[in-house]
Amino acid sequence: MTTPPGTPPHEAGLFSAIRGWGITRGERGVFGGVVDGVAHRVGLATAAARVIVVIAAIFLNGVVLLAYAAAWAFLPDKRGAIIIQNFGRGMPNVGALIGIGLLTLMGFGGLDNGLTYHVGDFPLSHAGPWRILIILFAVSVPVVIVGGVIWLIVALSRRGRPGHDNTHTVWAAMPGQTTTTPVSPAADANAADAGVADTNAADAGVADAATDTSSATTSASPTTAPAHPSPWPRIPGPGGGFYLATFAWGLLAAAAVVMARRNGELAVYPGIAWFATFATGLGVLLIFVSLSGRKLGFLGFVGIMALIPLTGIIANADDLRDSYARHEPLSAVDLRPERPHRPHDVVEPARQFTGDYSRVVFNGSCSPGAQVHGESTSSAYISGQGLSQDELIELTSKTTYVTVTTGTSITVDTPGGTPAHVVWPDRNLSCDFPADGTTNLILSNGGPRMILVVDRDEANVIVVTEVAP
Amino acid sequence: MRRRFVQRLTSAVVGGVVTAMGGLAIATLSGREVDVELAAIIALTATGGWLLLTALLTSLRRTPAPSVTPTSPED
(Lines give C-alpha, C1' and ligand atoms only; values in the text may rest on other atoms or scores of the structure.)
Protein backbone atom coordinates (compact mmCIF):
# COMPACT_ATOMS: atom_id res chain seq x y z
CA MET A 1 0.00 0.00 0.00
CA THR A 2 1.32 3.41 -0.88
CA THR A 3 0.40 6.43 1.16
CA PRO A 4 0.49 9.83 -0.45
CA PRO A 5 3.05 12.17 1.05
CA GLY A 6 2.13 14.26 4.03
CA THR A 7 -0.88 12.18 4.84
CA PRO A 8 -1.52 12.24 8.57
CA PRO A 9 -2.76 8.90 9.84
CA HIS A 10 -5.84 8.77 11.99
CA GLU A 11 -4.69 8.80 15.60
CA ALA A 12 -5.52 10.36 18.92
CA GLY A 13 -5.12 14.09 19.09
CA LEU A 14 -2.62 13.80 21.90
CA PHE A 15 -0.09 12.07 19.65
CA SER A 16 -0.76 14.48 16.80
CA ALA A 17 -0.09 17.36 19.15
CA ILE A 18 3.14 15.79 20.39
CA ARG A 19 4.31 15.21 16.83
CA GLY A 20 3.53 18.84 16.16
CA TRP A 21 6.22 19.86 18.66
CA GLY A 22 8.84 18.63 16.26
CA ILE A 23 10.82 16.87 18.98
CA THR A 24 12.02 13.41 18.13
CA ARG A 25 14.12 11.07 20.19
CA GLY A 26 17.66 10.79 18.93
CA GLU A 27 19.33 7.64 17.70
CA ARG A 28 22.52 8.10 19.73
CA GLY A 29 20.88 8.16 23.09
CA VAL A 30 21.73 6.15 26.16
CA PHE A 31 18.17 5.61 27.38
CA GLY A 32 15.77 6.11 24.51
CA GLY A 33 17.57 9.13 23.08
CA VAL A 34 15.43 11.67 24.91
CA VAL A 35 18.25 14.03 25.82
CA ASP A 36 19.84 13.63 22.40
CA GLY A 37 16.59 14.53 20.65
CA VAL A 38 15.70 17.46 22.87
CA ALA A 39 19.23 18.80 22.62
CA HIS A 40 19.05 18.75 18.84
CA ARG A 41 15.67 20.44 18.93
CA VAL A 42 16.96 23.35 21.00
CA GLY A 43 20.33 23.48 19.28
CA LEU A 44 22.41 22.28 22.22
CA ALA A 45 25.28 19.84 22.20
CA THR A 46 24.24 16.43 23.44
CA ALA A 47 27.06 16.18 25.99
CA ALA A 48 26.17 19.53 27.55
CA ALA A 49 22.51 18.59 27.67
CA ARG A 50 23.37 15.36 29.45
CA VAL A 51 25.39 17.23 32.06
CA ILE A 52 22.45 19.58 32.64
CA VAL A 53 20.05 16.67 33.00
CA VAL A 54 22.32 14.87 35.46
CA ILE A 55 22.68 18.01 37.58
CA ALA A 56 18.94 18.59 37.48
CA ALA A 57 18.37 14.97 38.47
CA ILE A 58 20.65 15.41 41.48
CA PHE A 59 18.74 18.41 42.74
CA LEU A 60 15.23 17.44 41.69
CA ASN A 61 15.49 13.67 41.99
CA GLY A 62 12.24 11.97 41.11
CA VAL A 63 10.80 14.82 39.10
CA VAL A 64 13.49 14.56 36.44
CA LEU A 65 13.23 10.77 36.29
CA LEU A 66 9.46 10.97 35.89
CA ALA A 67 9.78 13.61 33.19
CA TYR A 68 12.38 11.48 31.42
CA ALA A 69 10.13 8.43 31.57
CA ALA A 70 7.21 10.43 30.20
CA ALA A 71 9.34 11.84 27.37
CA TRP A 72 10.63 8.37 26.51
CA ALA A 73 7.10 7.05 26.39
CA PHE A 74 5.44 9.86 24.46
CA LEU A 75 8.05 11.38 22.14
CA PRO A 76 8.35 9.81 18.69
CA ASP A 77 11.62 8.47 17.41
CA LYS A 78 13.08 9.36 14.02
CA ARG A 79 10.68 6.99 12.34
CA GLY A 80 7.70 8.44 14.13
CA ALA A 81 7.16 5.48 16.45
CA ILE A 82 5.76 6.39 19.87
CA ILE A 83 6.26 3.75 22.55
CA ILE A 84 2.92 4.25 24.25
CA GLN A 85 1.01 4.52 21.00
CA ASN A 86 2.54 1.34 19.65
CA PHE A 87 1.76 -0.39 22.94
CA GLY A 88 -1.87 0.55 22.46
CA ARG A 89 -1.73 -0.79 18.93
CA GLY A 90 -0.50 -4.15 20.12
CA MET A 91 3.13 -3.62 19.08
CA PRO A 92 4.86 -3.26 22.44
CA ASN A 93 8.53 -2.40 22.65
CA VAL A 94 9.13 -4.54 25.70
CA GLY A 95 12.63 -3.29 26.48
CA ALA A 96 11.59 0.35 26.32
CA LEU A 97 8.49 -0.32 28.40
CA ILE A 98 10.57 -2.01 31.09
CA GLY A 99 12.98 0.91 31.10
CA ILE A 100 10.14 3.41 31.34
CA GLY A 101 8.57 1.43 34.15
CA LEU A 102 11.83 1.30 36.10
CA LEU A 103 12.39 5.03 35.65
CA THR A 104 8.83 5.70 36.81
CA LEU A 105 9.27 3.60 39.93
CA MET A 106 12.62 5.22 40.68
CA GLY A 107 11.08 8.62 40.08
CA PHE A 108 8.23 8.05 42.51
CA GLY A 109 10.64 6.55 45.01
CA GLY A 110 12.88 9.60 44.84
CA LEU A 111 10.16 12.21 45.16
CA ASP A 112 10.56 12.46 48.90
CA ASN A 113 14.33 12.77 48.81
CA GLY A 114 14.45 15.88 46.73
CA LEU A 115 15.83 19.11 48.04
CA THR A 116 12.99 21.14 46.62
CA TYR A 117 10.09 18.74 46.32
CA HIS A 118 8.77 17.35 49.56
CA VAL A 119 5.29 15.94 49.85
CA GLY A 120 5.50 14.10 53.13
CA ASP A 121 7.17 11.41 55.13
CA PHE A 122 7.35 8.12 53.32
CA PRO A 123 6.62 5.48 54.39
CA LEU A 124 3.19 6.13 55.68
CA SER A 125 3.89 4.66 59.13
CA HIS A 126 4.21 8.11 60.68
CA ALA A 127 1.61 9.73 58.54
CA GLY A 128 -1.60 11.11 59.90
CA PRO A 129 -4.83 11.28 57.97
CA TRP A 130 -4.16 14.74 56.57
CA ARG A 131 -0.72 13.78 55.38
CA ILE A 132 -2.05 10.64 53.74
CA LEU A 133 -4.69 12.75 52.06
CA ILE A 134 -2.02 15.16 50.85
CA ILE A 135 0.05 12.30 49.45
CA LEU A 136 -2.96 10.80 47.74
CA PHE A 137 -3.83 14.17 46.28
CA ALA A 138 -0.24 14.66 45.18
CA VAL A 139 -0.56 11.47 43.14
CA SER A 140 -4.18 11.56 42.05
CA VAL A 141 -4.58 15.22 41.15
CA PRO A 142 -1.83 15.20 38.50
CA VAL A 143 -3.27 11.96 37.13
CA VAL A 144 -6.71 13.53 36.89
CA ILE A 145 -5.32 16.68 35.30
CA VAL A 146 -3.27 14.76 32.75
CA GLY A 147 -6.23 12.52 32.04
CA GLY A 148 -8.49 15.52 31.60
CA VAL A 149 -6.07 17.16 29.21
CA ILE A 150 -5.78 13.95 27.21
CA TRP A 151 -9.53 13.60 27.10
CA LEU A 152 -9.91 17.20 25.98
CA ILE A 153 -7.35 16.81 23.22
CA VAL A 154 -8.91 13.58 22.02
CA ALA A 155 -12.40 15.05 22.10
CA LEU A 156 -11.38 18.13 20.19
CA SER A 157 -9.44 16.19 17.61
CA ARG A 158 -12.37 13.88 16.96
CA ARG A 159 -14.51 16.84 16.12
CA GLY A 160 -12.32 17.25 13.09
CA ARG A 161 -11.27 20.79 13.73
CA PRO A 162 -9.76 22.37 10.63
CA GLY A 163 -6.40 24.07 10.55
CA HIS A 164 -4.30 21.37 12.19
CA ASP A 165 -0.68 22.29 11.74
CA ASN A 166 1.39 19.42 10.41
CA THR A 167 4.62 21.35 10.31
CA HIS A 168 7.49 19.46 11.95
CA THR A 169 5.27 16.43 12.24
CA VAL A 170 6.73 12.97 11.95
CA TRP A 171 4.09 10.37 11.29
CA ALA A 172 4.43 6.74 12.15
CA ALA A 173 3.53 3.92 9.86
CA MET A 174 2.18 0.51 10.58
CA PRO A 175 4.26 -2.56 9.74
CA GLY A 176 3.98 -3.41 6.08
CA GLN A 177 2.90 0.07 5.12
CA THR A 178 5.12 1.85 2.65
CA THR A 179 5.30 5.54 2.14
CA THR A 180 6.85 7.82 -0.36
CA THR A 181 9.18 10.60 0.61
CA PRO A 182 8.63 14.01 -0.85
CA VAL A 183 11.77 15.40 0.69
CA SER A 184 14.30 16.53 -1.81
CA PRO A 185 17.96 16.62 -0.90
CA ALA A 186 17.95 20.38 -1.15
CA ALA A 187 15.01 20.71 1.13
CA ASP A 188 16.61 18.32 3.53
CA ALA A 189 19.74 20.40 3.54
CA ASN A 190 17.73 23.48 4.31
CA ALA A 191 16.12 21.78 7.22
CA ALA A 192 19.50 20.67 8.48
CA ASP A 193 20.77 24.20 8.34
CA ALA A 194 17.82 25.31 10.40
CA GLY A 195 18.94 23.04 13.18
CA VAL A 196 15.68 21.24 13.43
CA ALA A 197 15.79 17.99 15.33
CA ASP A 198 14.46 15.90 12.54
CA THR A 199 16.91 17.10 9.99
CA ASN A 200 17.86 13.55 9.26
CA ALA A 201 14.70 13.34 7.27
CA ALA A 202 16.51 11.80 4.38
CA ASP A 203 17.80 9.00 6.58
CA ALA A 204 14.50 8.49 8.25
CA GLY A 205 12.48 9.17 5.20
CA VAL A 206 14.00 6.45 3.07
CA ALA A 207 13.15 4.01 5.76
CA ASP A 208 10.10 1.97 5.10
CA ALA A 209 8.05 3.51 7.82
CA ALA A 210 8.45 7.21 7.87
CA THR A 211 7.39 10.33 6.11
CA ASP A 212 9.04 13.43 7.43
CA THR A 213 7.14 16.58 6.73
CA SER A 214 9.47 18.77 8.69
CA SER A 215 10.63 20.39 5.49
CA ALA A 216 7.14 21.58 4.86
CA THR A 217 8.40 24.84 3.55
CA THR A 218 9.44 23.15 0.34
CA SER A 219 7.09 20.24 0.12
CA ALA A 220 3.89 20.47 -1.80
CA SER A 221 1.11 20.84 0.70
CA PRO A 222 1.52 18.69 3.80
CA THR A 223 -1.34 20.33 5.63
CA THR A 224 -3.97 19.38 3.11
CA ALA A 225 -4.69 15.72 3.56
CA PRO A 226 -6.46 14.22 0.58
CA ALA A 227 -9.63 12.33 1.19
CA HIS A 228 -8.77 8.68 1.30
CA PRO A 229 -9.24 5.92 3.83
CA SER A 230 -7.22 5.77 7.05
CA PRO A 231 -3.93 3.87 6.65
CA TRP A 232 -4.93 1.28 9.24
CA PRO A 233 -8.26 0.03 10.55
CA ARG A 234 -9.69 2.04 13.37
CA ILE A 235 -10.47 0.07 16.51
CA PRO A 236 -13.13 1.68 18.67
CA GLY A 237 -12.43 2.73 22.23
CA PRO A 238 -14.38 1.57 25.28
CA GLY A 239 -17.44 3.53 24.24
CA GLY A 240 -20.09 5.27 26.26
CA GLY A 241 -21.40 2.06 27.79
CA PHE A 242 -18.15 1.14 29.47
CA TYR A 243 -17.45 4.71 30.56
CA LEU A 244 -20.90 4.83 32.11
CA ALA A 245 -20.34 1.46 33.76
CA THR A 246 -17.09 2.74 35.24
CA PHE A 247 -18.82 5.81 36.63
CA ALA A 248 -21.61 3.64 38.00
CA TRP A 249 -19.11 1.32 39.64
CA GLY A 250 -17.45 4.30 41.29
CA LEU A 251 -20.78 5.33 42.80
CA LEU A 252 -21.62 1.79 43.91
CA ALA A 253 -18.18 1.40 45.49
CA ALA A 254 -18.71 4.68 47.35
CA ALA A 255 -22.07 3.50 48.60
CA ALA A 256 -20.58 0.22 49.79
CA VAL A 257 -17.76 1.99 51.63
CA VAL A 258 -20.12 4.43 53.31
CA MET A 259 -22.31 1.52 54.37
CA ALA A 260 -19.30 -0.35 55.77
CA ARG A 261 -18.24 2.72 57.70
CA ARG A 262 -21.73 3.18 59.03
CA ASN A 263 -21.64 -0.39 60.33
CA GLY A 264 -18.19 0.10 61.83
CA GLU A 265 -16.63 -2.48 59.52
CA LEU A 266 -13.94 -0.30 58.00
CA ALA A 267 -10.34 -0.82 59.06
CA VAL A 268 -8.87 1.95 56.89
CA TYR A 269 -9.84 5.42 55.77
CA PRO A 270 -12.90 5.42 53.52
CA GLY A 271 -11.08 7.06 50.61
CA ILE A 272 -8.48 4.31 50.54
CA ALA A 273 -11.11 1.60 50.82
CA TRP A 274 -13.06 3.19 47.99
CA PHE A 275 -10.00 3.42 45.76
CA ALA A 276 -9.09 -0.24 46.25
CA THR A 277 -12.67 -1.30 45.55
CA PHE A 278 -12.99 0.96 42.54
CA ALA A 279 -9.68 -0.19 41.04
CA THR A 280 -10.65 -3.84 41.39
CA GLY A 281 -13.92 -3.26 39.55
CA LEU A 282 -12.14 -1.16 36.96
CA GLY A 283 -9.82 -4.09 36.26
CA VAL A 284 -12.82 -6.36 35.67
CA LEU A 285 -14.33 -3.77 33.34
CA LEU A 286 -11.03 -3.57 31.45
CA ILE A 287 -11.16 -7.32 30.92
CA PHE A 288 -14.64 -6.98 29.45
CA VAL A 289 -13.51 -4.08 27.26
CA SER A 290 -10.66 -6.21 25.95
CA LEU A 291 -12.82 -9.25 25.33
CA SER A 292 -15.29 -7.14 23.40
CA GLY A 293 -12.52 -6.34 20.93
CA ARG A 294 -12.24 -2.68 21.80
CA LYS A 295 -9.21 -0.61 22.69
CA LEU A 296 -8.75 0.10 26.37
CA GLY A 297 -8.37 3.79 25.63
CA PHE A 298 -8.59 6.23 28.49
CA LEU A 299 -9.89 3.53 30.82
CA GLY A 300 -6.70 1.58 30.24
CA PHE A 301 -4.66 4.67 31.04
CA VAL A 302 -6.57 5.16 34.28
CA GLY A 303 -6.15 1.48 35.13
CA ILE A 304 -2.40 1.52 34.59
CA MET A 305 -2.06 4.75 36.56
CA ALA A 306 -4.09 3.15 39.36
CA LEU A 307 -1.39 0.51 39.73
CA ILE A 308 0.96 3.11 41.21
CA PRO A 309 -1.11 4.04 44.29
CA LEU A 310 -2.28 0.41 44.57
CA THR A 311 1.33 -0.69 44.94
CA GLY A 312 1.83 1.88 47.67
CA ILE A 313 -1.35 0.79 49.45
CA ILE A 314 -0.33 -2.87 49.39
CA ALA A 315 3.16 -2.07 50.65
CA ASN A 316 1.84 0.11 53.49
CA ALA A 317 -1.40 -1.70 54.32
CA ASP A 318 -0.43 -2.37 57.93
CA ASP A 319 0.62 1.22 58.48
CA LEU A 320 -2.62 2.47 56.98
CA ARG A 321 -4.62 0.24 59.29
CA ASP A 322 -2.63 1.38 62.31
CA SER A 323 -2.98 5.01 61.33
CA TYR A 324 -6.75 4.62 61.03
CA ALA A 325 -6.92 2.85 64.38
CA ARG A 326 -4.89 5.60 66.04
CA HIS A 327 -6.81 8.53 64.69
CA GLU A 328 -10.33 7.26 64.27
CA PRO A 329 -12.56 8.18 67.23
CA LEU A 330 -13.65 5.34 69.45
CA SER A 331 -17.21 5.76 68.26
CA ALA A 332 -16.22 3.88 65.12
CA VAL A 333 -14.67 1.00 67.02
CA ASP A 334 -16.78 -2.09 67.09
CA LEU A 335 -17.80 -2.15 70.73
CA ARG A 336 -21.05 -3.48 72.00
CA PRO A 337 -23.74 -0.81 71.66
CA GLU A 338 -23.71 1.27 74.75
CA ARG A 339 -26.56 1.29 77.15
CA PRO A 340 -27.49 4.46 78.97
CA HIS A 341 -24.61 5.16 81.32
CA ARG A 342 -25.50 5.20 84.97
CA PRO A 343 -22.35 6.31 86.81
CA HIS A 344 -23.81 5.82 90.25
CA ASP A 345 -25.05 2.33 89.50
CA VAL A 346 -22.09 0.54 91.07
CA VAL A 347 -22.11 -3.21 90.54
CA GLU A 348 -20.36 -6.09 92.26
CA PRO A 349 -17.91 -7.34 89.61
CA ALA A 350 -16.64 -10.37 91.45
CA ARG A 351 -19.85 -12.26 90.78
CA GLN A 352 -19.35 -11.96 87.05
CA PHE A 353 -15.90 -13.53 87.16
CA THR A 354 -16.09 -16.18 89.85
CA GLY A 355 -17.34 -18.76 87.39
CA ASP A 356 -14.25 -18.35 85.19
CA TYR A 357 -11.51 -17.51 87.69
CA SER A 358 -10.47 -19.07 90.99
CA ARG A 359 -9.17 -15.79 92.42
CA VAL A 360 -10.81 -12.43 91.78
CA VAL A 361 -9.62 -9.13 93.23
CA PHE A 362 -11.19 -5.82 92.23
CA ASN A 363 -9.75 -2.78 93.99
CA GLY A 364 -11.88 -0.21 92.23
CA SER A 365 -15.38 0.78 91.29
CA CYS A 366 -17.32 -0.75 88.45
CA SER A 367 -20.49 0.14 86.63
CA PRO A 368 -22.55 -1.53 83.92
CA GLY A 369 -21.97 -0.55 80.32
CA ALA A 370 -19.00 -0.50 77.97
CA GLN A 371 -18.13 3.10 78.58
CA VAL A 372 -14.74 4.45 77.53
CA HIS A 373 -13.77 7.82 78.91
CA GLY A 374 -12.32 10.48 76.65
CA GLU A 375 -11.22 10.24 73.06
CA SER A 376 -8.75 7.62 71.96
CA THR A 377 -5.65 9.17 70.43
CA SER A 378 -3.77 5.92 69.89
CA SER A 379 -4.50 2.21 70.02
CA ALA A 380 -2.64 -1.03 70.55
CA TYR A 381 -3.80 -4.60 70.10
CA ILE A 382 -2.56 -7.50 72.23
CA SER A 383 -3.50 -11.15 71.99
CA GLY A 384 -2.98 -13.27 75.07
CA GLN A 385 -4.18 -16.52 73.59
CA GLY A 386 -1.79 -19.40 74.11
CA LEU A 387 0.11 -17.65 76.91
CA SER A 388 2.84 -20.02 78.17
CA GLN A 389 4.54 -17.86 80.80
CA ASP A 390 4.06 -14.63 82.68
CA GLU A 391 4.20 -11.67 80.35
CA LEU A 392 4.75 -8.10 81.52
CA ILE A 393 3.32 -5.45 79.22
CA GLU A 394 3.69 -1.72 79.82
CA LEU A 395 0.90 0.16 78.10
CA THR A 396 2.03 2.87 75.69
CA SER A 397 -1.13 3.60 73.68
CA LYS A 398 -4.13 5.48 74.94
CA THR A 399 -6.37 2.45 74.40
CA THR A 400 -5.09 -1.12 74.50
CA TYR A 401 -7.33 -3.84 73.14
CA VAL A 402 -6.56 -7.15 74.80
CA THR A 403 -7.92 -10.43 73.45
CA VAL A 404 -7.53 -13.45 75.75
CA THR A 405 -8.96 -16.88 76.14
CA THR A 406 -11.61 -16.93 78.85
CA GLY A 407 -9.91 -17.95 82.07
CA THR A 408 -6.50 -16.47 81.21
CA SER A 409 -5.00 -14.81 84.29
CA ILE A 410 -4.81 -11.01 84.08
CA THR A 411 -3.50 -8.45 86.53
CA VAL A 412 -3.45 -4.67 86.22
CA ASP A 413 -0.79 -2.70 88.10
CA THR A 414 -0.82 1.07 88.59
CA PRO A 415 2.66 1.85 89.96
CA GLY A 416 3.04 5.36 88.62
CA GLY A 417 0.11 7.16 90.10
CA THR A 418 -2.05 6.81 87.00
CA PRO A 419 -5.61 5.52 87.36
CA ALA A 420 -6.62 2.69 85.04
CA HIS A 421 -9.90 2.24 83.21
CA VAL A 422 -10.76 -1.32 82.15
CA VAL A 423 -13.76 -2.29 80.01
CA TRP A 424 -15.22 -5.74 79.29
CA PRO A 425 -17.64 -5.09 76.42
CA ASP A 426 -18.86 -8.70 76.37
CA ARG A 427 -19.64 -8.58 80.09
CA ASN A 428 -21.08 -5.07 79.77
CA LEU A 429 -18.78 -3.92 82.55
CA SER A 430 -16.55 -0.86 83.08
CA CYS A 431 -14.21 -0.45 86.05
CA ASP A 432 -12.01 2.39 87.32
CA PHE A 433 -8.97 1.50 89.40
CA PRO A 434 -7.29 4.14 91.55
CA ALA A 435 -3.71 5.31 91.19
CA ASP A 436 -2.44 3.90 94.48
CA GLY A 437 0.63 2.09 93.21
CA THR A 438 -0.68 -1.39 93.84
CA THR A 439 -2.09 -4.30 91.90
CA ASN A 440 -5.74 -3.31 91.62
CA LEU A 441 -7.08 -6.09 89.45
CA ILE A 442 -6.35 -9.78 89.75
CA LEU A 443 -8.16 -12.40 87.71
CA SER A 444 -6.26 -15.62 88.25
CA ASN A 445 -6.56 -19.31 87.61
CA GLY A 446 -3.04 -20.11 88.70
CA GLY A 447 -1.62 -20.27 85.18
CA PRO A 448 0.62 -17.83 83.30
CA ARG A 449 -0.41 -14.23 83.84
CA MET A 450 -0.68 -11.27 81.55
CA ILE A 451 0.55 -8.37 83.69
CA LEU A 452 -0.63 -5.03 82.35
CA VAL A 453 1.25 -2.05 83.79
CA VAL A 454 -0.44 1.36 83.61
CA ASP A 455 2.18 4.02 84.11
CA ARG A 456 1.15 6.91 81.88
CA ASP A 457 -1.82 9.21 81.91
CA GLU A 458 -2.05 9.04 78.15
CA ALA A 459 -2.09 5.21 78.15
CA ASN A 460 -4.57 3.99 80.71
CA VAL A 461 -7.60 2.51 78.92
CA ILE A 462 -7.84 -1.28 78.53
CA VAL A 463 -10.57 -3.04 76.56
CA VAL A 464 -10.63 -6.78 77.30
CA THR A 465 -12.29 -9.24 74.93
CA GLU A 466 -12.61 -12.85 76.09
CA VAL A 467 -12.92 -15.63 73.56
CA ALA A 468 -13.89 -19.23 74.13
CA PRO A 469 -10.96 -21.65 74.62
CA MET B 1 -13.36 -3.02 13.07
CA ARG B 2 -12.72 -5.02 16.22
CA ARG B 3 -9.66 -6.83 17.43
CA ARG B 4 -9.17 -10.48 16.72
CA PHE B 5 -9.77 -13.06 19.40
CA VAL B 6 -6.12 -13.53 20.32
CA GLN B 7 -5.56 -9.78 20.51
CA ARG B 8 -8.51 -9.54 22.85
CA LEU B 9 -7.02 -12.17 25.12
CA THR B 10 -3.67 -10.40 25.11
CA SER B 11 -5.05 -7.00 26.01
CA ALA B 12 -7.13 -8.58 28.77
CA VAL B 13 -3.86 -9.01 30.66
CA VAL B 14 -3.98 -5.31 31.62
CA GLY B 15 -7.39 -5.71 33.19
CA GLY B 16 -6.29 -8.89 34.90
CA VAL B 17 -3.28 -7.20 36.45
CA VAL B 18 -5.35 -4.26 37.69
CA THR B 19 -7.95 -6.65 39.11
CA ALA B 20 -5.30 -8.74 40.85
CA MET B 21 -3.61 -5.70 42.34
CA GLY B 22 -6.95 -4.34 43.53
CA GLY B 23 -7.85 -7.65 45.11
CA LEU B 24 -4.46 -7.81 46.76
CA ALA B 25 -4.94 -4.29 48.13
CA ILE B 26 -8.34 -5.20 49.55
CA ALA B 27 -6.91 -8.35 51.13
CA THR B 28 -4.02 -6.55 52.78
CA LEU B 29 -6.21 -3.67 53.95
CA SER B 30 -8.54 -6.26 55.47
CA GLY B 31 -5.68 -7.48 57.62
CA ARG B 32 -4.81 -10.64 55.76
CA GLU B 33 -1.18 -11.64 55.71
CA VAL B 34 -0.01 -11.81 52.13
CA ASP B 35 3.07 -13.75 51.13
CA VAL B 36 4.55 -11.25 48.71
CA GLU B 37 6.99 -13.72 47.20
CA LEU B 38 4.26 -16.25 46.58
CA ALA B 39 2.03 -13.55 45.13
CA ALA B 40 4.83 -12.46 42.81
CA ILE B 41 5.42 -16.07 41.72
CA ILE B 42 1.73 -16.56 41.00
CA ALA B 43 1.46 -13.23 39.17
CA LEU B 44 4.49 -13.87 37.00
CA THR B 45 3.37 -17.40 36.24
CA ALA B 46 -0.16 -16.32 35.40
CA THR B 47 0.95 -13.43 33.21
CA GLY B 48 3.60 -15.47 31.43
CA GLY B 49 1.26 -18.39 30.97
CA TRP B 50 -1.45 -16.15 29.64
CA LEU B 51 0.87 -14.52 27.12
CA LEU B 52 2.28 -17.92 26.15
CA LEU B 53 -1.22 -19.18 25.56
CA THR B 54 -2.06 -16.25 23.34
CA ALA B 55 1.20 -16.68 21.46
CA LEU B 56 0.40 -20.35 20.86
CA LEU B 57 -3.10 -19.47 19.71
CA THR B 58 -1.65 -16.90 17.34
CA SER B 59 0.68 -19.44 15.78
CA LEU B 60 -2.05 -22.07 15.55
CA ARG B 61 -4.50 -19.75 13.89
CA ARG B 62 -1.94 -18.62 11.33
CA THR B 63 -2.75 -20.90 8.43
CA PRO B 64 0.16 -21.85 6.20
CA ALA B 65 0.21 -20.44 2.70
CA PRO B 66 -0.95 -22.93 0.08
CA SER B 67 1.89 -24.45 -1.89
CA VAL B 68 1.86 -23.73 -5.60
CA THR B 69 3.18 -26.35 -7.96
CA PRO B 70 4.82 -24.79 -10.98
CA THR B 71 3.36 -26.00 -14.19
CA SER B 72 5.52 -26.90 -17.12
CA PRO B 73 5.00 -25.24 -20.50
CA GLU B 74 4.05 -28.57 -21.97
CA ASP B 75 0.99 -28.67 -19.78
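The values are calculated or read from the model by the stated rules, or taken from the named source; none is laboratory data. Worth saying up front: this structure is predicted, and the values here are computed from it rather than measured. Note: ideal-geometry Cβ built from the backbone for every residue, glycine included; neighbour counts use all protein chains shown.
Within segment A:263-273, if we keep just the residues that are without any contact (Cβ under 8 Å) to a residue 40 or more places away in the chain and surrounded by fewer than 19 Cβ atoms within 10 Å (Cβ to Cβ), the residue that is nearest to the other protein chains (Cβ to nearest Cβ) turns out to be A:Pro270.
For segment A:86-97, check the following and say yes or no: at least one residue is in a loop (DSSP other than H, G, I, E, B) and modelled with pLDDT of 85 or more. Looking through segment A:86-97, none of the residues is in a loop (DSSP other than H, G, I, E, B) and modelled with pLDDT of 85 or more. Regarding segment A:242-258, can at least one residue be identified that is buried (at least 22 other Cβ atoms within 10 Å of the Cβ), more than 7 Å from every other protein chain (Cβ to nearest Cβ) and part of a helix (DSSP H, G or I)? For segment A:242-258, residues buried (at least 22 other Cβ atoms within 10 Å of the Cβ), more than 7 Å from every other protein chain (Cβ to nearest Cβ) and part of a helix (DSSP H, G or I): present. Scanning segment B:6-52 for residues that are touching a residue at least 40 places away in the same chain (Cβ under 8 Å) and more than 8 Å from every other protein chain (Cβ to nearest Cβ) gives B:Val6, B:Trp50, B:Leu51.
Hey, can you tell me all the residues within segment A:414-451 that are assigned to a strand (DSSP E or B), surrounded by fewer than 20 Cβ atoms within 10 Å (Cβ to Cβ) and among the charged types (D, E, K, R)? Within segment A:414-451, just A:Asp432 meets the criteria.
If you go through segment A:47-66 and keep only what is among the small types (Gly, Ala, Ser), surrounded by fewer than 21 Cβ atoms within 10 Å (Cβ to Cβ) and either in a loop (DSSP other than H, G, I, E, B) or in contact (Cβ under 8 Å) with a residue 12 or more places away in the chain (or both), you end up with just A:Ala49.
On the given criteria, is A:Ala279 at the interface with chain B (Cβ under 7 Å from one of its Cβ atoms) and in contact (Cβ under 8 Å) with a residue 24 or more places away in the chain?
Here the answer is yes, as A:Ala279 does meet what is asked.
When segment A:27-46 is examined, which residues are found to be assigned to a helix (DSSP H, G or I) and of a type in the set (A, V, I, L, M, F, W, C)? First the steps, then the outcome.
Residues of segment A:27-46 that are assigned to a helix (DSSP H, G or I), as a first pass: A:34-42, A:46.
If the condition is that a residue be assigned to a helix (DSSP H, G or I) and of a type in the set (A, V, I, L, M, F, W, C), then A:Val34, A:Val35, A:Val38, A:Ala39, A:Val42 are the ones that fit.
What are the residues in segment A:360-379 that are surrounded by fewer than 18 Cβ atoms within 10 Å (Cβ to Cβ), in a loop (DSSP other than H, G, I, E, B) and at pLDDT 80 or above, if any? Within segment A:360-379, A:Asn363 is the sole residue that qualifies. Residues that are closer than 29 Å to A:Glu458 by Cα and modelled with pLDDT of 85 or more number at least 3 in the following helices (runs of 4 or more DSSP H) confined to segment A:296-359: A:317-327.
Yes or no: A:Phe31 among the aromatic types (Phe, Trp, Tyr), out of contact with any Cys (no Cβ under 6 Å at 6 or more places or on another chain) and within 30 Å of B:Arg2 (Cα to Cα)? Against the criterion (among the aromatic types (Phe, Trp, Tyr), out of contact with any Cys (no Cβ under 6 Å at 6 or more places or on another chain) and within 30 Å of B:Arg2 (Cα to Cα)), A:Phe31 does not qualify.
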